[in-house]
Structure formats: structure tokens, C-alpha cells
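What follows is a short report on a single structure.
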Amino acid sequence: MAFAGAALVSAPAIHASEFINVLTGGTSGVYYPLGVALSEIYAKGIDGARTQVQATKASVENLNLLQQGKGEIGFALGDSVKYAWEGNAEAGFKEPLTKLRAIAAIYPNVIQIASLKEAGAMTVADLKGKSLSVGAAKSGTELNARAILGALGMSYEDLGKVEYLPFAESVELMKNRQIDATLQSSGLGNAALKDLSTSQQISFLSVPAEVVETLGAPYVASTIPAGTYDGQDADVPTVAVVNFLVTSEAVSDETAYQMTKLLFENLETLKAAHSAAAGITSEDAVKGLPIPLHPGAERYYKENGLM
């Protein structure tokens with residue numbers, strides 16, 4: 001087993017019993033294919049490691065599972081990570097999750113709000129009185145939905161109906177004309193939205209710049225570029241929030257080091273799994289961390305002059 005920049009005697013070997021459970025999200029989102037690719041990278045690159053991919057309700061569930069020692073690495077939205085560290089009960093964290101540690105800031109999740117064209121909505125404000133799926137209850141996506149509506153002075157009470165469903169299920173309801181719109185927080189090129197855009201006439205709703213200013217960090221202005229989805233012929237201004245790969249303090253320094261190292265040595269493999277991985281760079285990996293870095297990850301960044 002090779003270790004970059006370290007003699008074998010200075011780095012403890014990872015034992016054959018090493019188990020890495022990768023916590024992802026729904027199978028139709030971006031976390032899942034990236035998690036599958038990451039688990040394969042770790043299985044091949046970490047000597048003796050056994051890996052598993054777990055489909056979850058994404059950010060909030062992943063962070064709680066990591067705190068409970070039921071996963072070794074997981075994907076999560078930046079605002080969810082911040083709320084977890086603070087112990088924000090409304091966001092789904094009964095107490096501060098102090099065992100969480102960061103591996104890396106990765107790609108931004110872009111808030112993509114698709115509405116049936118026949119519903120006549122063009123901006124988020126136009127959703128008043130209309131039905132909207134906001135993602136699984138207490139998921140990172142649903143936290144995004146609450147935040148964006150709140151920045152516009154709106155709440156769920158202003159909507160005609162609220163559904164708490166994952167991406168693919170939300171799209172099925174739209175195909176059946178059972179809801180008007182779906183808010184999905186993910187990398188661009190989301191499989192569920194691609195499916196929807198090829199079967200229905202839809203509009204992507206814009207999020208005004210003033211909403212981004214009201215929200216503040218970790219939210220940033222973003223764009224859904226023209227042509228991202230079928231029938232989308234113009235750029236759509238929206239908001240994004242950075243995703244993080246998170247581990248726990250219970251994971252050994254050597255394992256966290258290898259997980260970080262292999263992540264950045266295999267970016268092409270991750271891009272092949274999903275185009276959203278094109279947004280992952282080692283230069284941005286330690287920017288805006290809402291929780292402490294794992295010492296193993298920190299070692300990697302220091303060895304490579306990134307901090």
C-alpha cells in the first residue's frame with residue numbers, strides 16, 4: 001500500500017477490517033452516483049477496505065448518521081452542516097453534532113425550481129397559491145426551500161399545497177399534473193429534471209438577486225445555463241449553496257487522509273459518474289468550512305500546499 005509523501009513506517013496500515021459506508025441521497029439525485037464512484041475509488045485505493053453505498057434522505061440524515069457512528073463519509077449541504085454544528089432543532093438536529101469533521105468543500109448545489117408551463121409561473125414569487133414539492137421533510141433541499149421562501153417574505157402557508165417528496169417522486173407527480181412545481185437542490189444536470197424536461201413543457205423559475213443578498217452565506221448567486229435541460233433556451237438566475245464531504249472524529253487520521261487524497265486523485269472518475277463533479281477543485285476544498293477539518297484531511301492539504 002503506497003502513501004504519498006510518507007514512509008510506510010510513519011503511516012499505520014489500514015486493517016483488512018476497515019469499513020467505509022458512504023452516505024449519499026436519493027438514487028435520482030447527484031449524491032448517489034458520486035457516492036457509488038467514491039466507494040469504488042476507496043475500495044480499489046485503500047488496501048483491505050470494504051465499502052458500501054447507502055441511499056438516504058441526504059444532508060440532514062447523513063449528518064445525524066455520521067454523529068451516531070453509522071457512516072464514515074457523507075455528502076451534505078453547507079447550510080445543513082452549519083445547522084448541525086450549532087444544533088438547530090428546527091433544521092432536524094436535536095443537539096450540536098460535535099463529532100462532525102470536514103473532508104472537503106466540493107461542488108455547489110444549484111437551486112433548480114421547475115414548474116409546468118401551464119401553471120404560468122416565471123419567478124419564485126409566482127408560486128403563491130400553487131402546489132410545490134420541497135424535497136423530503138427535513139432534508140437539506142427542504143431547508144433550502146424554507147430559506148428561499150422566507151427571504152421573499154413567504155412561507156408554506158402561501159402555497160396551494162406542499163408535498164415533501166424526493167426528486168424522482170416529485171417529477172412523477174408533475175407528469176401526472178398533480179403538482180405545479182418542484183424545488184430541487186442539486187448539481188446541474190439532475191437526472192429527475194432531465195427526465196421531466198424531455199416529457200413535459202416546463203419553465204425554470206428565477207430567484208431574484210435580492211434574495212441571494214438577504215440569504216447571505218453559505219448561499220451565493222448562481223445560474224442554470226441555457227441548454228442544461230431540454231427546452232431551456234435562456235440562462236436562469238438562481239441561488240446555490242456549497243456541498244461538503246463530511247466524516248466524523250471517530251474515523252482514523254490515516255483513513256481520512258486516504259479518503260481526501262483519493263478524492264482529488266480521481267476527479268476524472270467522479271466527473272464521468274456525474275458532470276456536477278466538474279465543480280470540485282482542491283483549491284476551493286478548505287474554503288468556508290462550517291466545521292473543523294479532520295486532522296487526516298488537514299495533513300493532505302498541508303502536504304500539497306493548500307493551507
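Values quoted throughout were computed directly from the atomic coordinates according to the rules given, and no laboratory measurement underlies them. Note that the coordinates shown come from a computational prediction; the quantities given were computed from them, not determined experimentally. Please note: Cβ atoms are built from the backbone with ideal geometry, for glycine as well, and neighbour counts cover all protein chains shown.
Miscellaneous remarks
- Point-charge dipole on Cβ atoms (K/R +1, D/E -1) for the range 109-241, about Cα centre, debye to 20: 200
- Max mean-square fluctuation residue, GNM over the chain, Cα-Cα springs under 10 Å, options Leu262, Leu38, Leu132: Leu262
- In the chain, the longest principal axis of the Cα atoms and the axis of helix 253-265 are about 60 degrees apart.
- Ellipsoid equivalent to the chain - semi-axes via the Cα gyration tensor, in Å: 35, 19, 17
- Gaussian network model of the chain, Cα within-10 Å springs - most flexible of Arg101, Arg50, Arg177: Arg177
- In terms of surrounding Cβ atoms within a 10 Å radius of their Cβ, Tyr300, Tyr107 rank from fewest to most as Tyr107, Tyr300.
- Long-range HN-HN contacts of Gln112 with modeled amide H, under 5 Å: Gln184, Ser185, Ser186
- Note that the range 82-90 has calculated 3J(HN,Hα) couplings of 4, 5, 5, 5, 7, x, 7, 5, 5 Hz, one per residue in order, obtained from phi through the Karplus relation 6.51 cos²θ - 1.76 cosθ + 1.60 (θ = phi - 60°); glycine and proline are x.
- For the range 109-241: Kirkwood Rh in Å [reciprocal of mean 1/r, alpha carbons]: 14.3
- Relative contact order of the chain, taken over Cα pairs closer than 8 Å and 6 or more residues apart, is 24 percent.
- Helix 140-151 vs. the chain, principal-axis angle (Cα, 0 to 90°, nearest 10): 50
- Phi to ³J(HN,Hα) by Karplus 6.51 cos²θ - 1.76 cosθ + 1.60 over the range 238-243, Hz, x for Gly, Pro: 8, 10, 9, 9, 6, 8
- Given +1 at the Cβ of Lys and Arg, -1 at the Cβ of Asp and Glu and no other charges, the dipole of the range 189-257 around its Cα centre is 200 debye to the nearest 20.
- GNM result for the chain, Cα springs below 10 Å: residue of Val239, Val22, Val220 fluctuating most strongly: Val220
- Counting every other Cβ atom within 10 Å of each residue's Cβ, Tyr257, Tyr164 order from fewest to most as Tyr164, Tyr257.
- Helix content alone sets the calculated 222 nm mean residue ellipticity of the chain: runs of n ≥ 4 DSSP H residues at -39500 (n - 2.57) each, divided across all residues, give -9500 deg cm²/dmol.
- For the range 163-225: relative contact order, % (alpha-carbon pairs under 8 angstrom, 6 or more apart): 24
- Neighbour-count order for Val134, Val212, fewest beta carbons within 10 angstrom listed first: Val212, Val134
- Beta bridges per DSSP with both ends in the chain, % antiparallel, nearest 5: 65
- Global form of the range 123-183, assessed from the alpha-carbon gyration tensor, a/c cut-off 1.5: oblate
- Relative contact order %, the range 109-241, counting alpha carbon pairs below 8 Å whose residues are six or more apart: 34
- Nearest 10 degrees, 0 to 90: helix 31-45 Cα axis against the chain principal axis: 10
- Solution diffusion estimate, µm²/s, Stokes-Einstein, the range 23-120, Kirkwood Rh from C-alpha pairs, 4 °C, viscosity 1.567 mPa s: 88
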